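Colleague: The structure follows.
The values are calculated or read from the model by the stated rules, or taken from the named source; none is laboratory data. Worth saying up front: this structure is predicted, and the values here are computed from it rather than measured. Using ideal geometry, Cβ is built from the backbone for each residue, glycine included, and neighbour counts are taken over all protein chains shown. Ligands, DNA and RNA are stripped out before the accessible areas are found, and what is left, the full protein with its side chains, is counted by its heavy atoms. Shrake-Rupley method; radii C 1.70, N 1.55, O 1.52, S 1.80 Å.
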Amino acid sequence: MSGMIPSGAYMVFNVAYPDRYISMSGDKDFVGHEVGDKIQVDVKDEVEHLATLFDIKTGMYLGVDQINGKVKGYTDPQVLQLSNSSRESTFEIHVMNVDEVWALKDGKDGTLITVQPASGTERDCWTFERME
């Protein structure tokens with residue numbers, strides 16, 4: 001793997017729907033929203049592309065609810081893998097060595113970010129825009 005992003009604060013948006021940023025809804029589910037939350041990326045292993053993602057606004061870690069197939073907020077960190085997608089400077093986000101990735105099924109504001117088998121489409125890809 002190559003091209004891991006450095007630790008830091010980012011706005012994260014979906015490639016298929018670039019005006020949909022990661023944001024937490026009221027019930028601790030993460031959705032695509034026109035106004036995103038700033039996400040702190042803490043790289044744990046640069047070679048394997050492992051990192052934790054922390055929502056600065058809500059004080060919650062982003063993680064995978066594998067039972068319900070969605071992205072949720074947690075008080076404890078969950079180490080995730082940011083795999084380079086086939087599109088330059090974008091990543092598929094998933095639990096390490098699991099072929100179920102974060103996806104945004106449509107561009108409606110408030111659409112739930114789900115976890116599903118990788119489809120190879122832009123709906124599975126996320127761009128990390130560095131914040132100063």
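Colleague: Sort out which residues of region 86-95 are surrounded by 15 or more Cβ atoms within 10 Å (Cβ to Cβ) and outside any strand (DSSP E or B), and write them in order of number.
Modeller: Of everything in region 86-95, those that are surrounded by 15 or more Cβ atoms within 10 Å (Cβ to Cβ) and outside any strand (DSSP E or B) turn out to be 90, 95.
Colleague: Another question, if that's okay. Given the options 76, 42, 37, name the one that is surrounded by fewer than 18 Cβ atoms within 10 Å (Cβ to Cβ), among the acidic types (Asp, Glu) and not in a strand (DSSP E or B). Steps first, answer last, please.
Modeller: On the way: 42 fails: not in a strand (DSSP E or B); 37 fails: surrounded by fewer than 18 Cβ atoms within 10 Å (Cβ to Cβ).
Residue meeting the stated conditions: 76.
Colleague: So which of 129, 100 is more than 23 Å from residue 27 (Cα to Cα) and acidic (Asp, Glu)?
Modeller: It is 129.
Colleague: Hey, another quick one. Does region 21-34 hold any residues that are open to solvent by less than 30 Å² (accessible area, probe 1.4 Å) and either assigned to a loop (DSSP other than H, G, I, E, B) or of a type outside the set (Asp, Glu) (or both), and which are they?
Modeller: 22, 23, 30, 31, 32
Colleague: Residues that are buried (at least 16 other Cβ atoms within 10 Å of the Cβ), touching a Lys or Arg at 6+ places or on another chain (Cβ under 7 Å) and touching a residue at least 40 places away in the same chain (Cβ under 8 Å): does region 96-108 have at least one?
Modeller: yes
Colleague: Quick one: in region 109-132, which of the residues that are open to solvent by less than 70 Å² (accessible area, probe 1.4 Å) and assigned to a loop (DSSP other than H, G, I, E, B) is farthest from residue 16 (Cα to Cα)?
Modeller: Here the answer is 131.
Colleague: Six or more apart or on different chains, Cβ under 8 Å: which pairs go from a residue in region 29-46 that's closer than 18 Å to residue 124 by Cα and of a type in the set (S, T, N, Q) to one that's in a strand (DSSP E or B) and open to solvent by less than 10 Å² (accessible area, probe 1.4 Å)? Could you list them?
Modeller: none
Colleague: Suppose we filter region 58-67 for residues that are in a loop (DSSP other than H, G, I, E, B) and either at pLDDT 95 or above or open to solvent by less than 40 Å² (accessible area, probe 1.4 Å) (or both); how many remain? Lay out the reasoning, then the answer.
Modeller: Residues of region 58-67 in a loop (DSSP other than H, G, I, E, B): 58-59, 66-67.
Imposing the further condition that a residue be either at pLDDT 95 or above or open to solvent by less than 40 Å² (accessible area, probe 1.4 Å) (or both) reduces the set to 58-59.
Result for region 58-67: 2.
Colleague: Mind checking which residues of region 96-106 are on the phi > 0 side of the Ramachandran plot and assigned to a strand (DSSP E or B)?
Modeller: Within region 96-106, no residue meets the criteria.
Colleague: Can residue 70 be described as among the basic types (Lys, Arg) and over 14 Å from the mean Cα position of the chain (by Cα)?
Modeller: no
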